[in-house]
Amino acid sequence: MSVTVRVPAKVNVQLAVGAARPDGFHELANVFLAVGLYDEVTAAPAGELRVTCAGPDAEQVPLDRTNLAARAALALAERHGVEPAVHLHIAKDIPVAGGMAGGSADGAAALVACDALWGTGASRDELLDICAELGSDVPFSLVGGAALGTGRGEMLTPLEVGGTFHWVFALARRGLSTPAVFREFDRLAEGRDVPEPVASPDVLAALAKGDCDALALAVSNDLQPAALSLFPELSDTLAAGRAAGALAALVSGSGPTTAFLASDAGSAAEVAAVLRASGTCRAVRTAEGPVAGATVV
């Protein structure tokens with residue numbers, strides 16, 4: 001017997017970042033939208049905990065106990081007194097180290113898969129507690145849809161979305177470390193007051209109405225200057241997407257994936273074709289959102 005869980009990537013339509021907290025994290029107002037690029041995690045009985053991975057950039061995924069999928073299995077097993085004897089196989093399609101929560105998605109998927117495989121019967125609240133222990137983006141990977149994340153991103157408020165949004169994602173030729181981007185944010189912010197992060201009323205209203213033109217005017221990412229400082233070539237990718245007719249262009253989360261909002265599926269395909277031909281990125285994907293979070297298939 002095995003259990004397979006499908007889990008989506010995310011794009012941040014707003015990422016407002018406050019000053020560093022005493023614990024090293026930053027207060028955030030993080031507006032998440034789950035989009036239709038998916039990893040699948042399959043949990044099957046095994047003699048001991050092991051992780052395997054296949055798919056694009058699979059060689060970059062750690063297969064030891066630092067992998068969030070492994071950590072999720074260990075956390076659930078410890079809470080319920082279960083032996084974590086499970087083989088977790090990750091079928092990877094979310095970009096690795098791309099600012100789209102691929103590792104977080106695998107953690108959420110492994111948690112749901114192991115809960116089903118072991119019959120632990122964990123409540124939704126318990127699963128979300130474990131997710132929050134694993135990482136700031138993991139709770140959203142569990143719930144999907146659209147949500148405002150506060151605290152360090154782990155405290156979620158579901159958001160209404162009145163339509164489908166069409167996105168193009170340009171994958172960069174190398175990764176960016178999330179901690180390094182936050183350190184660069186802190187360096188760039190030195191000597192100035194960093195305002196408290198708050199959700200943009202314009203972003204929330206545009207999502208609720210399903211209005212892509214209004215959302216395009218409102219999207220923002222406070223980490224973008226730091227990501228561009230560490231990876232200046234991303235400016236060329238952003239410019240190519242804008243020139244191709246994207247309504248908005250921004251770095252996704254901590255990067256280095258760049259995200260482009262399009263008015264409809266046809267426009268998204270056109271932007272994707274221009275980006276592929278631009279020589280500014282290694283691959284291009286299109287996806288729609290919102291979509292559901294971690295789901296047994």
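The values are calculated or read from the model by the stated rules, or taken from the named source; none is laboratory data. Predicted model, so just to flag it, every value in this text is computed and none were measured. Positions of Cβ are generated from backbone atoms using ideal geometry, with glycine treated the same way; all protein chains shown enter the neighbour counts.
Things to note:
- Matching residues, region 35-65, being among the hydroxyl-bearing types (Ser, Thr, Tyr) and under 18 Å from the mean Cα position of the chain (by Cα): Tyr38
- Residues that are closer than 30 Å to Leu117 by Cα and aliphatic (A, V, I, L, M) occur at least once in region 8-25.
- Residue count, region 1-25 (criterion: over 17 Å from the mean Cα position of the chain (by Cα) and either crowded, with 17+ Cβ neighbours inside 10 Å or not hydroxyl-bearing (Ser, Thr, Tyr) (or both)): 11
- Residue within region 105-112 that is at negative phi and either hydroxyl-bearing (Ser, Thr, Tyr) or surrounded by fewer than 24 Cβ atoms within 10 Å (Cβ to Cβ) (or both) present: no
- Filter result for Val274 (within 20 Å of the chain's Cα centre (by Cα) and over 17 Å from Ala34 (Cα atoms)): no
- No other residue among Arg79, Arg65 is touching a residue at least 24 places away in the same chain (Cβ under 8 Å), of a type in the set (Lys, Arg) and outside the structural domain of Ala199 (by TED's automatic domain parsing) apart from Arg79.
Yes or no, residue by residue, for (1) among the hydrophobic types (A, V, I, L, M, F, W, C); (2) more than 14 Å from Phe169 (Cα to Cα):
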site: Ala180; (1), (2): yes, yes
site: Phe185; (1), (2): yes, yes
site: Leu207; (1), (2): yes, yes
site: Thr237; (1), (2): no, no
site: Arg242; (1), (2): no, no
site: Leu247; (1), (2): yes, no
site: Glu288; (1), (2): no, no
